[in-house]
Structures are given as structure tokens and as C-alpha cells.
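This report concerns only the one structure given below.
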Amino acid sequence: MNDDVRFGQGMPNEAAAPSRSAVSDRPEADASDYSGPGVEAEIRVGGPRAAADADGPRDGGGDGYVTLYTARAFSTNGAGRVTTEDGMLDLPVKAPRQLGGPGGAPNPEQLLAAAYATCFHNSLALVAGREGVSTADCIVETAVELRKRGKHDDYAIGVEVAVSLPGVDRDLAGRLVRRAHEHCPYSKALRGNLQVGVRLA
């Protein structure tokens, strides 16, 4: 699969599906790593404290990255509940009615959509902040699709991202959205593994 950066016309419409028209986007040479919503992370590298401090940066395993934070989640109750190690998230999980489930609770696709929207928004805030552009009124909408091919269990995930940056010049907004897609760690993780479409609303 390839991942595209997509640009549509007009403002976001809650009832509208993401645009399918696409143009390829190539990473810019000055792409840098995401490090939080508009704030550069101070990374402590090396030394016994960095290696021993469970709450601080540590070596990511020889790939040049250091781990700034680790989130741990647990699926329990027959995949009917998800919790995080710190208890900040504790939710029932149910399949949606469209998939034959009971609905009435969050589902994995919604959780992915929420996480990706937040992460992409943070990445956009970072790259926009470097150019003095406010993202206070920005809306990042993600659509996560569960897809199936044929009669066998050949499932795949598709993602669409639509970004609204009201009050920002459209050419500048498009460039910021491209850079956010290059920098966002979720985009990086998904790139090449599933179809991701990104567009300026």
C-alpha cells in the first residue's frame, strides 16, 4: 500500500466522506522528529540514570531513537475491556452494530481514530509553531475503516485524515499538513503498512 497526501476543497462536513482524489507527497529534506505539542523535548542520552530511570528517556534499541515515554494497555474480559497501566483509561469495548456486535461502547477502530487524530494534531502544532502559525482553531478528523477482501479472513485497516486550518493561507496550510504527516510518529508507523490518505479540508 502507498500513503497519499490528499487535498480537497471547502470546509469540513461531518456527513461527508473523506476525499478520494490524491496526489503523491514526498518527504521534505528538513523533516524532524515529533517531540510533543509545539515543544521540543529535552532528551537525556546515555549514562546510568538514563538507562535506569523508568520514567525518563532510554535507549530505543540501537536504532538511534531514545524512548521518551511508554504507554501500556491491557485487553481483558474476553477483549471486552481495555485499561491502561496507570488507570487513566478504563473502558468497555464492544464491536459496532455494523460488524454484528452489540455496539453501545467504544470499539478498537474508534480508539485508533482518536489516538491518531490527537497525535497528528500535536505534530501539526509542532511544525506550525516553528513558523509562528497558531493551530488553536484547527480540527483534525480521522476516519478509520475496517476492510475485508474476499471470503477469507483477509482484513486490513484504511485511514483518512482531514485537516481544517481556518484563517491560514491555503498554500502554507498545505505545506504544514504535509510536514505534520512526515513527522507524526503514527504516520511513520503506518506508512507502507496500510493505506493512509491525508488532505487539507
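Ranked by the mean number of other Cβ atoms within 10 Å of their residues, highest first, the peptides 161-169, 95-103 fall in the order 161-169, 95-103. Rounded to the nearest 20, the Cβ-based charge dipole of region 68-201 about its Cα centre (Lys and Arg +1, Asp and Glu -1) stands at 400 debye. Coupling constants for region 155-163 follow from the phi torsions by the Karplus curve (6.51 cos²θ - 1.76 cosθ + 1.60, θ = phi - 60°), and in residue order they are 9, 8, 10, x, 10, 10, 10, 10, 10 Hz; glycine and proline get x.
Distant-in-sequence amide contacts of Val93, defined by a placed amide H-H separation under 5 Å and a gap of 5 or more residues or a different chain, comprise Arg81, Val82. Each eigenvalue of the Cα gyration tensor of region 55-163, multiplied by 5 and square-rooted, gives one semi-axis; in descending order these are 29, 21, 16 Å. In region 108-201, carbon and sulfur make up what percent of the accessible area (probe 1.4 Å)? Answer for region 108-201 is 51 percent, counting heavy atoms of protein chains only.
Within a Cβ distance under 9 Å of Gly158, other residues only, what is the Lys/Arg minus Asp/Glu net charge?
-1
Backbone phi angles across region 116-125, fed through the Karplus curve with coefficients 6.51, -1.76 and 1.60 (θ = phi - 60°), yield HN-Hα couplings of 5, 4, 5, 5, 5, 4, 4, 5, 5, 4 Hz in residue order; Gly and Pro are listed as x.
The values are calculated or read from the model by the stated rules, or taken from the named source; none is laboratory data. On a predicted model such as this, the values are computed, not experimentally measured, just so you know. Glycine gets a Cβ as well: all are built from the backbone with ideal geometry, and neighbour counts include every protein chain shown. The protein model used for the area step is the full one, side chains on, heavy atoms only, and it has no ligands, DNA or RNA in it. Shrake-Rupley method; radii C 1.70, N 1.55, O 1.52, S 1.80 Å.
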